[in-house]
1. If a residue has to be without any contact (Cβ under 8 Å) to a residue 60 or more places away in the chain and more than 20 Å from residue 173 (Cβ to Cβ) to count, how many in region 39-55 make the cut?
2. Given the condition part of a strand (DSSP E or B), open to solvent by less than 60 Å² (accessible area, probe 1.4 Å) and modelled with pLDDT of 95 or more, answer yes or no: does some residue in region 57-77 qualify?
3. Out of all the residues in region 247-257, is one or more in contact with a Ser or Thr (Cβ under 6 Å, 6 or more places away or on another chain) and farther than 20 Å from residue 96 by Cβ?
4. Check off (1) within 22 Å of residue 56 (Cα to Cα); (2) β-branched (Val, Ile, Thr); (3) open to solvent by 70 Å² or more (accessible area, probe 1.4 Å) for residue 192 and give me the number that stays unchecked.
5. What is the one condition in (1) open to solvent by 10 Å² or more (accessible area, probe 1.4 Å); (2) closer than 22 Å to residue 8 by Cβ; (3) at pLDDT 95 or above; (4) of a type outside the set (A, V, I, L, M) that residue 50 does not satisfy?
6. Kindly list, by first and then second residue, each pair from a residue in region 248-265 that is β-branched (Val, Ile, Thr) to a residue that is in a helix (DSSP H, G or I), limited to pairs with Cβ atoms under 7 Å and residues at least 6 apart or on different chains.
7. Give the residue that is least open to solvent (accessible area, probe 1.4 Å), with candidates limited to residues of region 238-265 that are within 18 Å of residue 206 (Cα to Cα) and more than 17 Å from the chain's Cα centre (by Cα).
8. For region 85-105, enumerate the residues that are small (Gly, Ala, Ser), in a helix (DSSP H, G or I) and open to solvent by 10 Å² or more (accessible area, probe 1.4 Å).
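The values are calculated or read from the model by the stated rules, or taken from the named source; none is laboratory data. All values reported here derive from a predicted model rather than from experimental measurement. Every residue, glycine as well, gets a Cβ built from its backbone with ideal geometry; the counts of neighbours run over all protein chains shown. Only protein heavy atoms, including side chains, enter the accessible area calculation; ligands, DNA and RNA are left aside. Shrake-Rupley method; radii C 1.70, N 1.55, O 1.52, S 1.80 Å.
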Amino acid sequence: MDVLRRNNVHVQGRPDGPTLMFAHGFGCDQNMWRFVTPAFQDHRIVLFDHVGAGGSDLTAWDPQRYASLQGYADDVVEIARSLALSDVTFVGHSVSSMIGVLAAETAPELFAQLVLVGPSPRYIDEEGYVGGFTRADIDGLLESLDSNYLGWSSAMAPVIVGNPDRPQLGEELTNSFCRTDPEIARHFARVTFTSDNRADLAGVRIPTLVLQCSQDVIAPEVVGDYVHDKVSGSTLVRLAATGHCPNLSAPEETAAAVRAFLDRS
């Protein structure tokens, strides 16, 4: 399998520049970064789709390989090695934040920095930990996904993206959800929302930026604080942006925060 075709990899920007690898969240594809990447044309920019999303090769999807986030992290490592990358700054949105953490743990020689946008290592509350959802919440979400994926997408996408005064953002996320293969999306959702990567945070040994939005129903501020606390030496930036998708709703602020982090590193 050609890894670059499998994950619909595109490289742009300056070929000899420092490398930024952008990874999208659940129900999205690399197109979600289109308002952020223009700010980094002095870098080599690597964009890709997780298998099952965007222009990826759907025939490459394997429920066993992707039974955990590690399968997606292995893809990230394979992409980086296929392109002979090094000193990569990995920018992961939502679930891809933890995929980036796992990729850096798997192949530490490839990654120099992490940027975690709206990260959550565990979505389900338990004693001593607030993830933002009860077990019943997640069970209900997954049941709704199983019974009516398109209906769930139409109802949930505007809530996830926030910014009700800008309905076009919710419409874009809804359309992105609806373009994703429903079977794969349901599987990815179950893997995402039942994962627990809290223990992996302590293993991060590279400079890390945590970008936290306000009014984020998927990754509330208490979760961003937790990630910042558990990743030694990390930098936490609270964006003015609201909702869970600042790459869509506030791309200039998102890009500026990433740029400031890169300039300090």
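1. The number of residues fulfilling the criteria is 6.
2. The answer is no, given that none of the residues of region 57-77 is part of a strand (DSSP E or B), open to solvent by less than 60 Å² (accessible area, probe 1.4 Å) and modelled with pLDDT of 95 or more.
3. No, region 247-257 contains no residue that is in contact with a Ser or Thr (Cβ under 6 Å, 6 or more places away or on another chain) and farther than 20 Å from residue 96 by Cβ.
4. Among (1) within 22 Å of residue 56 (Cα to Cα); (2) β-branched (Val, Ile, Thr); (3) open to solvent by 70 Å² or more (accessible area, probe 1.4 Å), the lone unmet condition for residue 192 is (3).
5. Looking at each condition in turn, residue 50 falls short on (1).
6. Partner pairs satisfying both residue conditions: 254/246; 254/247.
7. Taking the candidates together, the pick is 261.
8. Once the filter is applied, which keeps residues that are small (Gly, Ala, Ser), in a helix (DSSP H, G or I) and open to solvent by 10 Å² or more (accessible area, probe 1.4 Å), region 85-105 yields only 104.
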